[in-house]
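First up is the structure itself, then whatever we jot down about it.
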Amino acid sequence: MRFVAPLFVAVLLSLLSACSKVPLTQQEAYVFGTRVEVLVAGTPEPQARAAVGEVLQEFDRLHRAYHAWQPSELTALNDAIAAGKSLKVSAELRQLLQDSQAIAARGQWLFDPAIGRLVELWGFHADEFKPALPDPNRASFLAAARPSLRDLSFKGERVACSNPSVAIDLGGYLKGVALDRAAAILKARGIHNALINIGGNVLALGEKNGDPWRVGIQHPRQPGPMASLELKDGEAVGTSGDYQRYFEVGGQRYSHLIDPRRGWPAQGTQAVTVLIPPGPQAGTLSDALSKPLFIAGAADWQRLAQATGVSQALRVDGSGAIQVTKGLAERLKWADGVKPATVISP
């Protein structure tokens, strides 16, 4: 068995044009366990850097406040749930939980942030992943307990849970929330042309000095993008892949994308990309809705895409074959050497 270092970037930014008339302001950081990049166009550098600095501070605050395994308000809630107690929480955490509950229901609970104990059991509550399988009986036991955000109840400022097996991990949701927060901060500071990239979850504002922002969709098994895409103002794109956080044992890949029905990492899918239209939660949905489609697999992902309202999506199956909805296919530019995708009805 071998350990594979995690690769977090699911969507790669295209190379910047060297002949751009107005210099771009670019800042990077490492937050949420991944690389973060913000590009601002058409704004004086001092104004851009001040605004981006505020964005990065907000990212760091969100990361620390709702960390799933380092001491945070979220771990305090998980401790209370395990002890069968309710907990007074901040208005912000209450809203995050209610929003994620609604999104999980939209995805028919295939992506459920309440399975933190399963995520921990598989070793993904760590910066480095050990190539070792957990006790299958323990995984089956936790899955059979059916931990779910459905078990949460809200009364005033307090949150309670009827299922002590619930442990909330917002890692598959919070990066999208951060995209929407970043867009709001930038707009409030008078910046309307920017590209925000959080580990491959990307949201576009406006244009890049008169041209659309262009991003690349990472190939799940080869270096570089398999296709590129021009983003319109307010659109967000997100990818879930088995190449981002995973380890291998006996030639089998096990990723952090766990099927809550079985308690084991989902198999048969290499990557799913979704494109979300402009809206107040475009970033959040781009992060959260790719995951249930990934977990649903070949038999059910198209039906679930329709049920969740995702009309533009791309799926790479376990063999590397690509399916893409018609609306997204019309906007993609495929990289050289990439086998053409099968175009399907949305």
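The values are calculated or read from the model by the stated rules, or taken from the named source; none is laboratory data. Note that this is a predicted model, so its numbers are computed, not measured. Note: ideal-geometry Cβ built from the backbone for every residue, glycine included; neighbour counts use all protein chains shown. Areas reflect the complete protein model, heavy atoms only, side chains present, ligands, DNA and RNA absent. Shrake-Rupley method; radii C 1.70, N 1.55, O 1.52, S 1.80 Å.
With all protein chains in place and ligands, DNA and RNA left out, the 1.4 Å accessible area ranks 146, 117 as 146, 117, largest first. A probe of 1.4 angstrom, applied to the heavy atoms of all protein chains, finds residue 345 with accessible area near 90 square angstrom.
Distance from the Cα centre of the stretch 60-127 to that of the stretch 264-316, in angstrom? That distance is 21 Å. At the residue level, residue 261 shows approximately 140 square angstrom of accessible surface with a 1.4 angstrom probe and all protein chains present. A convex hull fitted to the Cα coordinates of the chain yields 130 cubic angstrom per residue.
Starting from the alpha-carbon convex hull of the stretch 118-261, give the projected area averaged over all orientations, in nm². Kindly include the intermediate steps, with their values, before the conclusion.
Working: hull surface 48.7 nm².
Average of the hull's projected areas for the stretch 118-261 equals 12.2 nm².
Under 1.5 on a/c is rounded, so check that first for the stretch 210-310, then, if it is not, pick prolate when a/b is larger than b/c and oblate when it is not; a ≥ b ≥ c are the square roots of the alpha carbon gyration tensor eigenvalues. Oblate. State whether the stretch 234-273 is rounded, prolate or oblate according to the following rule on the C-alpha gyration tensor (a ≥ b ≥ c being the square roots of its eigenvalues): a/c under 1.5 gives rounded; otherwise a/b larger than b/c gives prolate, and the remaining case gives oblate. In terms of gyration-tensor shape, prolate. Note on residue 169: accessible area is roughly 30 Å² with a 1.4 Å probe, heavy atoms of protein only. Based on Cα atoms of the stretch 47-194, Rg over Rh with Rh as the Kirkwood radius reads 1.02. Seen from residue 228, the other residues with C-beta closer than 10 Å to its C-beta sum to a net charge of +2, counting Lys and Arg as +1 and Asp and Glu as -1. Summing charges over neighbours of residue 89, with a neighbour being any other residue whose Cβ is under 13 Å away from its Cβ, gives +1 when K and R count +1 and D and E count -1. Mean separation of Cα pairs under 8 Å and 6 or more residues apart, divided by the residue count, gives the stretch 77-158 a relative contact order of 39 percent.
Cα-Cα over 29 Å: which of 85/187; 130/291; 130/326; 175/333? Please report the intermediate quantities before stating the final value.
On the way: 85/187 41 Å; 130/291 23 Å; 130/326 40 Å; 175/333 26 Å.
Pairs exceeding the cut-off: 85/187; 130/326.
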